[in-house]
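Structure, as structure tokens:
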Amino acid sequence: MSRGSDPTPRMADLGVKPTTARRRARWAAAATVAAVLAAALWRAGTRQDVAPAGALDISRDPVPSRAPRFVERLDVRVFQRGNLHAHSARSDGDSPAQLVFAWYRDHGYQFLALTDHNNYLDVTRPPASLVQDLVVLPGEEVTMVAAGQPVHVNALCTKRRIGGGTFRTARAALAWATSEILAQGGVALVNHPNFHWALDAEDITHAEGAQLVEIFSGHPHVRSDGDASHASAEEKWERALSSGQAIAAVAVDDMHSLTGANKQVPQVPPGTGWVEVFAEEASREAICDALSAGRLYASSGPRLTRLAVTSDTMTLWVDPPDVMVEFIDRWGALLATVPATAEAEMSGAAHRASYRLRGHEQYVRARVTAPDGSRAWTQAYRAAR
């Protein structure tokens, strides 16, 4: 058909320029597509069967969260008091073992580890086998020298003598002694890190598997509190803990001088530091098990009459009442400082202090300080979320 016979009116005949008409046509087409897409999206948003069968629609749910909680729960009301580091005339103490046993028994201790230098105490033989009303633990202070410095580890609950030696580094000495003790099923106690400043926190981590470390000692040459150039023994323990080492803190007296008559021995009296283990009975098996698991608190003065860790709260019942309690997190971060308060307005009421988890804690441990400066320490109880 020729153009002249085409019945369809031309744009020019309608008074519309071709360019404008094409633009309007494209706009109309785009609007139509947009409308179709909008309608499809609206329908998809209102349909209930868009997601695959069984899928959860988490877009409308709150972000899941869990309340902070302690990993371990406990409520301890029975404690067995003992000392883990003491000497007799069998090494460098001033008194026979029999008199040492008698002193601790007569002063309210339930157990004692007599730890003479490289001298194993066999509890199946006299004098230990003759002791009554006091649990005597097998013990030995494994006494070593490393790079000219003293490195000592107490072997507790072991079966035979280990003896000491000379090592190139403190770390090598600690690793060797700890492995020897653990091979006998014993409890390894890393002694006095600040004696001659022999150990730092990194050294302690090489005592792999050691269950205990001393953070207080009655020995005047140990300098447990450190000085301007050296961290305290507690700080070194804290660093080891914060680095992931599972090791419990203890206090000891490191007694050498029972009578004070022999001035040739270190003048270290008994009764200045001790531990209280969580055990219902005063038996060798129960005490060794508690030591191995770190179920204890340490003290140089204050006593705990009860310790409870519930799902989210740690509570201490203390004696004497006029103490301050610090709750401490990883790397020594102070969480709270609170006084122990009376449970009831009555004579002789128990005094307690509590800390409730807030959610950011890695673990919580408590340090109790009495007016005379003496202290008690709990272990670190880990938190989870």
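Some values worked out for this structure:
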{"quantity": "Matching residues, segment 66-89, being at pLDDT 95 or above and either open to solvent by 70 Å² or more (accessible area, probe 1.4 Å) or of a type in the set (Lys, Arg) (or both)", "calculated": "Arg69, Val71, Glu72, Arg73, Asp75, Arg77, Arg81"}
{"quantity": "Check on Ala333, open to solvent by 20 Å² or more (accessible area, probe 1.4 Å), at pLDDT below 95 and either in contact with a Lys or Arg (Cβ under 6 Å, 6 or more places away or on another chain) or farther than 20 Å from Val78 by Cα (or both)", "calculated": "no"}
{"quantity": "Failed item in (1) open to solvent by less than 60 Å² (accessible area, probe 1.4 Å); (2) under 18 Å from Pro270 (Cα atoms); (3) in contact (Cβ under 8 Å) with a residue 40 or more places away in the chain, with Leu99 passing the rest", "calculated": "(1)"}
{"quantity": "Number of the exception - Ala170 against (1) over 21 Å from Ala147 (Cα atoms); (2) open to solvent by 10 Å² or more (accessible area, probe 1.4 Å)", "calculated": "(1)"}
{"quantity": "Spans of strands (runs of 3 or more DSSP E) in segment 270-365 with at least 2 residues basic (Lys, Arg)", "calculated": "303-309, 351-356"}
{"quantity": "Verdict on Phe195 being more than 24 Å from Arg330 (Cβ to Cβ) and among the aromatic types (Phe, Trp, Tyr)", "calculated": "yes"}
{"quantity": "Matching option when the condition is of a type in the set (A, V, I, L, M), open to solvent by 80 Å² or more (accessible area, probe 1.4 Å), at pLDDT 95 or above and more than 30 Å from Ala248 (Cβ to Cβ), among Leu130, Leu56", "calculated": "Leu130"}
{"quantity": "Pair list, Cβ < 7 Å and 6+ apart or interchain, from segment 169-189 residues that are in contact (Cβ under 8 Å) with a residue 24 or more places away in the chain to residues that are of a type in the set (Val, Ile, Thr) and part of a helix (DSSP H, G or I)", "calculated": "Ala188/Thr178; Ala188/Ile181"}
{"quantity": "Selection from segment 105-122 of residues that are assigned to a loop (DSSP other than H, G, I, E, B) and either open to solvent by 50 Å² or more (accessible area, probe 1.4 Å) or over 26 Å from Pro150 (Cβ atoms) (or both)", "calculated": "His107, Gly108, Tyr109, Gln110, Asp122"}
{"quantity": "Any chance Glu141 is of a type in the set (Asp, Glu), assigned to a strand (DSSP E or B) and touching a strand residue (DSSP E or B) at 6+ places or on another chain (Cβ under 9 Å)", "calculated": "yes"}
{"quantity": "Matching residues in segment 349-382 - criterion: being small (Gly, Ala, Ser), more than 23 Å from Ile215 (Cα to Cα) and modelled with pLDDT of 95 or more", "calculated": "Ser354"}
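Conditions tested, residue by residue: (1) surrounded by fewer than 15 Cβ atoms within 10 Å (Cβ to Cβ); (2) within 16 Å of Leu114 (Cα to Cα); (3) not aliphatic (A, V, I, L, M).
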residue: Ala246; (1), (2), (3): yes, no, no
residue: Ala251; (1), (2), (3): no, yes, no
residue: Gln267; (1), (2), (3): yes, no, yes
residue: Gly273; (1), (2), (3): no, yes, yes
residue: Ile287; (1), (2), (3): no, yes, no
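The values are calculated or read from the model by the stated rules, or taken from the named source; none is laboratory data. What you see is a predicted model; the values in this text were computed from it and never measured. We place every Cβ from the backbone using ideal geometry, glycine too, and count neighbours over all the protein chains shown. Quick note on the areas: whole protein, heavy atoms, side chains included, nothing else; ligands and nucleic acids left out. Shrake-Rupley method; radii C 1.70, N 1.55, O 1.52, S 1.80 Å.
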